[in-house]
1. Which residue is nearest to B:Phe17 (Cα to Cα), if the candidates are limited to the stretch A:58-82 and must be within 14 Å of chain B (Cβ to nearest Cβ), assigned to a helix (DSSP H, G or I) and not aliphatic (A, V, I, L, M)?
2. Answer yes if at least one residue in the stretch B:32-49 is at pLDDT below 90, within 14 Å of chain A (Cβ to nearest Cβ) and over 30 Å from A:Ser57 (Cβ atoms), and no otherwise.
3. Residues of the stretch A:132-166 being part of a loop (DSSP other than H, G, I, E, B) and touching a helix residue (DSSP H, G or I) at 6+ places or on another chain (Cβ under 7 Å), which ones?
4. Failed condition for A:Gly169, given (1) at pLDDT 85 or above; (2) assigned to a loop (DSSP other than H, G, I, E, B); (3) under 30 Å from A:Ser37 (Cβ atoms), with all others met?
5. Of all residues in the stretch B:38-71, count the ones that are among the small types (Gly, Ala, Ser) and under 15 Å from the mean Cα position of the chain (by Cα).
6. Among the residues of the stretch B:32-53, which ones are in a loop (DSSP other than H, G, I, E, B) and crowded, with 22+ Cβ neighbours inside 10 Å?
7. Somewhere in the stretch A:236-253, is a residue within 14 Å of chain B (Cβ to nearest Cβ), in contact with a Pro (Cβ under 7 Å, 6 or more places away or on another chain) and not polar (S, T, N, Q)?
8. Just the residues that are of a type outside the set (Gly, Ala, Ser), assigned to a helix (DSSP H, G or I) and either within 7 Å of another protein chain (Cβ to nearest Cβ) or farther than 17 Å from A:Ser38 by Cβ (or both), please, taken from the stretch B:14-31.
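The values are calculated or read from the model by the stated rules, or taken from the named source; none is laboratory data. The shown structure was predicted, so the numbers you read here are calculated from the model rather than taken from an experiment. As a convention, Cβ positions derive from the backbone with ideal geometry for all residues, glycine included, and neighbour counts pool all protein chains shown.
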Amino acid sequence: MKKAKIFQRLFIGVIILIALFFMFKIYFTNQNKLKVSSVSVFFEMKDNVFLNFFNQSSGWLNDLFHFNRIRYQTKNLEEENVNLLFQLTQLKNLEEENLSLKEAFNLKKETGWHLLPAQVLLIDPTGFSGQFWIDQGQNSGLKSGMNVILENQVLVGILKECFKDYCRGESIFAPQTKIGVENLESHVLAILEKDNRGRYLLKLVPQEANIKIGDLLVTSHENTNFLKGLLVAKVKDIIPSSNVLKEYILEPLFTKNQLSLVFVITDFIPSNAAFY
Amino acid sequence: MPRFIKNGCLFFLIGLFQIYFEGGSFFIRPIIDFLLIFLIFSFFDFPFFYFVLLLLVRGFIFDTLSGLAWGTNLFSLFFSFGIGFFLTRLLESDNFFSRIIIGESIINLYFLALFLLNLFLSHSNLWLIILIDALINSVVYLVLMMLGRKIRTCLPSVGRTFFLASPR
């Protein structure tokens, strides 16, 4: 009787294992179909008032818990705004001079990038990867590897996978992000790297490099994945070190906690796009 | 039948809450996985095949949205709840303390599986975030179990409505 029970349990266990094997096999084979079907369900619900309420209350709670930081940031931004307005008036004169020189030498007008607006549908709910989904896909001419930015040319991330009507992107908050950057002021080239604690570090900076706190960093020409000239981060602090190379702590310029609208640069596909 | 519908609706609502409330931010940060905790509570009270369906739905939605290697979430769920199932055979699943042990084991095994799979498949080291996640979710589960027990003892009618089986 006991033996029969053991055999019965073993038999059920084997059946369950076989069922699990086939289930996982089907699961992995239909990966793309499952991804698209789950995203399209959320796409249908995207303008739902109830779900927007969840999203907005998440933002509201985040603001409540970071009230002091927001207050401090607002104060700093007001001062920075006044300084920038002053710089803008000076730059206006330079712009007019530049235009007249271009006309005098008959230079062609620079064409900007071709930007496709896209709405962010979903963001990673597990907090592990900074992944997002947008509502444009291959039907709109998008391909994996295209860069995603905000309207002020701040880098958001890169498209990893494109389906007919949706694309999956990875933001710069993804773990182990590495971007080649250039200091706008001193044109020093370095690497922006995210460490395991979630900090952004500027690495491989020579000792003699002139980098100050507050300097802006843009994507450099050394990147194969990113277009040159996209705003990435600013220098926040220096890490004291006696090594040959210096390191800095950076603050990313993409700081929006929630986002609905991004732009995809459709002119540029990295050379190793096949790897995505 | 009504309790399956009730549970299914709650699962759907909590899932939407998880995706739109917790998933409203780009930042890498620890979160409370309400859906996982809900699944642990449902694990004790619902039959095997219905529960596997819930696991499948949760697994494939989070595999789609999380950005980890495809199958990581699903495998971690099946692994942790599979071990939980064996624990219910060893321990008395109706007992309050047994449920705490089983629930905490499931949570920690789930995050351990996530960490290891992510390390081997994606080669990205998320140990700090996963560790904080495991701690936060363990504490939340414990608090909810204590609260649930208090509610069941103080308000039996409420307990019958919202907690379908009362552990001793």
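1. Among those that are within 14 Å of chain B (Cβ to nearest Cβ), assigned to a helix (DSSP H, G or I) and not aliphatic (A, V, I, L, M), it is A:Ser58.
2. Yes, there is a match, as at least one residue in the stretch B:32-49 is at pLDDT below 90, within 14 Å of chain A (Cβ to nearest Cβ) and over 30 Å from A:Ser57 (Cβ atoms).
3. Here is the first cut: in the stretch A:132-166, the ones part of a loop (DSSP other than H, G, I, E, B) are A:135-137, A:141-146, A:150-153, A:163-166.
Those that are part of a loop (DSSP other than H, G, I, E, B) and touching a helix residue (DSSP H, G or I) at 6+ places or on another chain (Cβ under 7 Å): A:Asp135, A:Lys143, A:Ser144, A:Gly145, A:Phe163, A:Lys164, A:Asp165, A:Tyr166.
4. Failed condition: (2).
5. Here the count works out to 2.
6. Quick first cut of the stretch B:32-53, residues in a loop (DSSP other than H, G, I, E, B) only: B:32-33, B:44-47.
B:Asp33 - this is the single residue of the stretch B:32-53 that is in a loop (DSSP other than H, G, I, E, B) and crowded, with 22+ Cβ neighbours inside 10 Å.
7. Keep residues of the stretch A:236-253 that are within 14 Å of chain B (Cβ to nearest Cβ), which gives A:251-253.
Subset that is in contact with a Pro (Cβ under 7 Å, 6 or more places away or on another chain): none.
Within the stretch A:236-253, not a single residue is within 14 Å of chain B (Cβ to nearest Cβ), in contact with a Pro (Cβ under 7 Å, 6 or more places away or on another chain) and not polar (S, T, N, Q).
8. Residues of the stretch B:14-31 of a type outside the set (Gly, Ala, Ser): B:14, B:16-22, B:26-31.
In the following step, the residues that additionally are assigned to a helix (DSSP H, G or I) were identified as B:14, B:16-20, B:22.
Residues satisfying the conditions are B:Leu16, B:Phe17, B:Gln18, B:Ile19, B:Tyr20, B:Glu22.
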